[in-house]
Amino acid sequence: MTIAIYEGFRMQHSEAFFLPINRFAYIGIFLIFAAHFKTLMPMLKQYETVFIMTPVLSEDQMKETVGKFKAMLSENGAKLVHEENWGLRKLAYPIQKKTTGFYHLLEFQAETDLVAKLEVVFKRDERVIRFLTVSLDKNAIAYNEKKRTKGFDKSNKTETPAEA
């Protein structure tokens, strides 16, 4: 095996063949390619967000608020997968001196940078008192899909020996 001195690095002859430029240039070329590839293939992830609106809103105001968030998602290229209105519920602890709130769930597919934009909109809207957005993995997506298609049949409970 021959040893070659190449640009201040001591390496074997076979390594010198693959390094026509310094090693950091390969990293730069890779990062440029990765950035270009990201623009070609946007990374869509599935998210679930639950937000609580103040209880002093009327039904129309609540629907308008939800419509605002749904429009914001669709304008930024998100695909709404599922939506649930949980209605007026009691809070676990008082928030802004309120003990109840309107809960709403949105499940959507979007690029990763859209979540930060959505959370800024939640923070600026005074009608929203709390929100939480989580990224769903493949198991959570499968669970939610099964739950939506009524895969959990509660009527098929097994009988206990006392009932038989």
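The values are calculated or read from the model by the stated rules, or taken from the named source; none is laboratory data. As the structure is a prediction and not an experimental result, all values here were calculated from the model. Positions of Cβ are backbone-derived with ideal geometry, glycine not excepted, and every protein chain shown enters the neighbour counts.
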Worksheet item: For the subset of the range 73-89 comprising residues that are among the small types (Gly, Ala, Ser) and in contact with an Asp or Glu (Cβ under 9 Å, 6 or more places away or on another chain), which member is nearest to MET62 (Cα to Cα)?
Response: ALA78
Item to complete: Those residues that are outside any helix (DSSP H, G or I), buried (at least 16 other Cβ atoms within 10 Å of the Cβ) and touching a helix residue (DSSP H, G or I) at 6+ places or on another chain (Cβ under 9 Å), I need them from the range 58-106; list them, please.
Response: ALA78, VAL81, PHE102, HIS104, LEU106
Discussion item. Looking at the range 77-89, I want the residues that are over 17 Å from LEU136 (Cα atoms) and have a partner that is part of a strand (DSSP E or B) with Cβ atoms under 6 Å, at least 6 apart or on another chain. Which pairs are those?
Written reply: ASN85/HIS104; TRP86/TYR103; LEU88/THR100; LEU88/PHE102; ARG89/TYR103
Fill in: Any pair with Cβ under 9 angstrom, 6 or more apart, that starts in the range 119-139 at a residue that is part of a loop (DSSP other than H, G, I, E, B) and ends at one that is of a type in the set (Ser, Thr, Tyr) and surrounded by 14 or more Cβ atoms within 10 Å (Cβ to Cβ)
ASP125/THR65; GLU126/THR54; ARG127/THR54; ARG127/THR65; LEU136/TYR47; LEU136/TYR143
Item to complete: With the condition kept exactly as written, say whether any residue in the range 143-154 is in contact with a strand residue (DSSP E or B) (Cβ under 8 Å, 6 or more places away or on another chain) and at pLDDT below 95.
Response: yes
Discussion item. Suppose the filter is loosely packed, with under 14 Cβ neighbours inside 10 Å, among the β-branched types (Val, Ile, Thr), in contact (Cβ under 8 Å) with a residue 40 or more places away in the chain and on the phi < 0 side of the Ramachandran plot; does THR112 pass it?
Written reply: yes
